[in-house]
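Worksheet for the structure shown next.
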Amino acid sequence: MIGLTQKLLMVLAVIAGAFGLGIGLSYWQQQQLETLDFTHCEQLEKGSCEWQIAEQTWQLSLPSNQLPAMLSQALELSTNLDNPPPLELRLQGIEMYMGEIKLQLEPSENGHYQTDILLPICNTGKMRWRAEIVSLDPSQALALSFEVDSQ
């Protein structure tokens, strides 16, 4: 009986440890994002935006700043860097939490990134999204943001 109790306690301890580690990792990742200083794009009215950070130039191209929901839209990003980092694009609803959409962006040889965005339908009809582009390479820090609408 004592052996069974010890095994049960050991299993519960392992499960609790794994759960705690998962929560701790999630909290740490969120803290890392909150410490990033995002450079926000204010001029995304015609579907394009440009960020100038030190000697880096980043250019974003979308069909417009009004993206239809449930219709795939092309997003293109380019830079003047010789060796650009892999990036992650994160999209979150501003007025309502609808989950987080994450897309991995790998650069081509000439510093060009391309992906398609598919935004979900919101039951209120119109939704504002905050997009954050972050570098996955800690030695090449990058934090860009912009906002788009969908309906």
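The values are calculated or read from the model by the stated rules, or taken from the named source; none is laboratory data. The structure presented is a predicted model; accordingly, all values stated were derived computationally and were not measured. Using ideal geometry, Cβ is built from the backbone for each residue, glycine included, and neighbour counts are taken over all protein chains shown. Just so you know, the surface numbers come from the protein's heavy atoms only, side chains and all, with ligands and any DNA or RNA stripped out. Shrake-Rupley method; radii C 1.70, N 1.55, O 1.52, S 1.80 Å.
Among the residues making up the stretch 82-121, a single one is aromatic (Phe, Trp, Tyr) and surrounded by 11 or more Cβ atoms within 10 Å (Cβ to Cβ): Tyr113. If only residues of the stretch 27-54 that are open to solvent by 50 Å² or more (accessible area, probe 1.4 Å) and assigned to a loop (DSSP other than H, G, I, E, B) are counted, the one that is modelled with the highest pLDDT is Ala54. Taking the conditions (1) free of Cβ contacts under 8 Å to residues at least 60 places away in the same chain; (2) touching a Leu at 6+ places or on another chain (Cβ under 6 Å) in turn, Ala69 satisfies each one other than (1).
Only residues that are in contact (Cβ under 8 Å) with a residue 60 or more places away in the chain and open to solvent by 70 Å² or more (accessible area, probe 1.4 Å) were counted across the stretch 122-137, and they come to 0. Residues of the stretch 45-83 that are touching a Gly at 6+ places or on another chain (Cβ under 8 Å) and not hydrophobic (A, V, I, L, M, F, W, C): Ser61, Pro63, Ser64, Asn65, Ser78, Thr79, Asn80, Asp82.
If you go through the stretch 55-81 and keep only what is open to solvent by 70 Å² or more (accessible area, probe 1.4 Å), part of a loop (DSSP other than H, G, I, E, B) and closer than 22 Å to Ser135 by Cβ, you end up with Glu55, Asn80.
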